[in-house]
Amino acid sequence: MPPRLHLPLAALLLGAAAPAVGAQVRWQDIGATSTGNRITVDPRSIRRTGGLVAATVRIVFATPVQTPQGAWKSGRTKATFDCAKQSLAASETVYYADERGSKVVERKVNKMPGYGVALKGSLGDVAMTYLCKAK
């Protein structure tokens, strides 16, 4: 290959790799709970249907939560938020032994999730405030 083609080829290859690198950074910071736990949302998971918003929300505990199954350092919750009624229904929550979310400690699946009010300053409250603001 002639030397003058190396630079455009390198730029093309780096450009093709950029989306893969960017795809790994998927969590968007949306705030913190009243106890300082960091809350993030997966922007690709957000689905709006009328007044309902479904999303996957992540929490990283400032202090690990000790349980009989092991310490929780982070967790992910799939939930639907009813913006008009200011309530939410969690369909699944998974707690992890690490911040990255690769070592499952406990998984809870609600086969028939019911709506409830989010406690002030909780993960649900932070997520609902973010997800239900006017877009």
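For Arg38, the conditions (1) over 21 Å from the mean Cα position of the chain (by Cα); (2) modelled with pLDDT of 95 or more; (3) not hydroxyl-bearing (Ser, Thr, Tyr) all hold with the exception of (1).
Tell me which residues, restricted to the stretch 77-98, are surrounded by fewer than 20 Cβ atoms within 10 Å (Cβ to Cβ) and either under 12 Å from the mean Cα position of the chain (by Cα) or in contact (Cβ under 8 Å) with a residue 40 or more places away in the chain (or both). Listed by number, the residues that qualify are Lys78, Cys83, Gln86, Thr93, Val94. Checked against (1) closer than 14 Å to Asn37 by Cα; (2) modelled with pLDDT under 95; (3) touching a helix residue (DSSP H, G or I) at 6+ places or on another chain (Cβ under 8 Å), Glu99 meets all criteria but (3).
Where strands (runs of 3 or more DSSP E) fall entirely within the stretch 36-135, those with at least 1 residues that are farther than 18 Å from Arg26 by Cβ and either touching a strand residue (DSSP E or B) at 6+ places or on another chain (Cβ under 9 Å) or among the charged types (D, E, K, R) (or both) are at 47-49, 52-65, 72-82, 87-96, 104-109. Considering Val65, Val57, the condition of being out of contact with any helix residue (DSSP H, G or I) (no Cβ under 6 Å at 6 or more places or on another chain) and either among the aliphatic types (A, V, I, L, M) or under 13 Å from Tyr130 (Cα atoms) (or both) is satisfied by Val65 alone.
The values are calculated or read from the model by the stated rules, or taken from the named source; none is laboratory data. No experiment lies behind these values; they were computed from the predicted model shown. Cβ atoms come from the backbone with ideal geometry, glycine included; neighbour counts cover every protein chain shown.
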